[in-house]
Each structure stands twice: as structure tokens, then as C-alpha cells.
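S.K.: Sharing a structure here in C-alpha cells format.
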Amino acid sequence: MRIRTGSATAVCVAAFLTVLTACASAPTIKVGWDEKVSFATFHTWAWRPDGSIQDPVWAKRCQDVLSDQLASDGLKQVNLDQNPDLWAVVHARLSTETQFVPYSPNWGYGWGAWAPVDDYEVNTPVGTIIIDLVDVKTKHIVWRGRAKGAMDPSKSNEAREEKLIAVLKQLFAGYPPGTGAAAPKS
């Protein structure tokens, strides 16, 4: 049997480029949580928009996908006025801009009597989605998932939604923390 080296080389190059493209398009996933918090005490959550998702259609799609994901993790969605245990805040960056936010990534959200005096400048790369789960009582971030390179602003809402579903499954692979589930690989 004779193998053409030109054909074999072309097949190897094509395979290499396919693997390289797959690696380049995979988002960088990072998840962190407060290890002192018992996630068994959280049963309900409410959507708390931060204004980073300007398109109301895309904001609704993000909320629906997150609602499905959190429901599969045992959390029930309620309205803000129904005293949720957690706020879910999605920060999505589909354009280049600097944001000034009323919370510190180190200290949590500043709503209430202990609000910080200053806002914080946050530069988030285009295509990044960050999901914060905030303990409503303490107003501190108890869980944060970040996917850099997860969203392509040039894609349709349908294509971004499909990608968002896949990214959320990766982000929440180890949720809730402390249950023995494997944390996502970054």
C-alpha cells in the first residue's frame, strides 16, 4: 500500500488547524466562591440587572438561560420583592468600554448602610461574561463564575444563546460548592 506524502501532510495540517481553532475558541473559565459560606442555606434567587446588557432581547435570553441553569442546580427564581436568598448579577461585555461600578471585586456589593464612598473602575475584555451570586443579607459575592472569550458580539442572538448555555454548564459544573461535584477546569 502506498501513501502519498502530500495527502498525508495535508490531512495532518488540517487536523492540526482544527485542534488549534477549537482551542482558540474555547473560553477561559474561572470559578471562585466564599469557602466559609454554606450553600445549602440558599434556595431562591432573583435577577438583578447591572445595566451591562443594553439589548433587552439579549438580557431576557441571558435571564432565561441562567434561570434554567440555576433551576437544574436546585435554586428557585423569585422576584426581587419576594426576599430572595441570592441575587444573580450577569455582567456581559459585548463592546469595549470602561465601567464604573458600585462594588469592589474584593468586598462585594455596596447597597445598604455600609456602602462604599467610591465607585470602582472595571475593564472587562470584550466577549467576557461574569456571573455573581450575591448573598442578599450580607450583600457579598458568595460565588463568581467568569468566562473570558465566551461571547462573540458579531454572532446572532441565537448563536450567542447556544454558546451561553454551554458556558453556563461549564461554569456551574461544580455548583453548589462543597457537594463533592468536580469544579470546572480552567
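S.K.: Sorting VAL57, VAL89 on the 10 Å Cβ count, fewest up front, what's the list? Don't skip to the answer; put the middle values down first.
M.R.: Details: VAL57 9, VAL89 19.
Listed from fewest to most nearby Cβ atoms, that is VAL57, VAL89.
S.K.: Please compute the length gained on full extension between LYS60 and GLN82, using 0.36 nm multiplied by the number of residues separating them and subtracting their Cα-Cα distance.
M.R.: 6.0 nm
S.K.: Full-extension gain between GLU161 and LYS137, please, as 0.36 nm times their residue separation minus the C-alpha to C-alpha distance.
M.R.: Result for the pair: 5.5 nm of gain on full extension.
S.K.: Net charge around ASN157, counting only other residues with Cβ within less than 14 Å of its Cβ (Lys, Arg = +1; Asp, Glu = -1)?
M.R.: The answer is -1.
S.K.: Would you list, by chain and number, the lysines whose Cα falls below 18 Å from the Cα of LYS30, excluding same-chain residues fewer than 8 positions away?
M.R.: LYS148, LYS163, LYS169, LYS185
S.K.: Another question, then. Roughly what would the spin-label model give for LYS169 and GLU35, points 7 Å off Cα along C-beta, in nm?
M.R.: Placing both labels 7 Å along Cα→Cβ, they lie 3.0 nm apart.
Where a number appears in this text, it was derived from the coordinates with a stated rule and is not lab data. As the structure is a prediction and not an experimental result, all values here were calculated from the model. Reconstructed Cβ throughout: ideal geometry from the backbone, glycine too, with neighbour counts over all protein chains shown.
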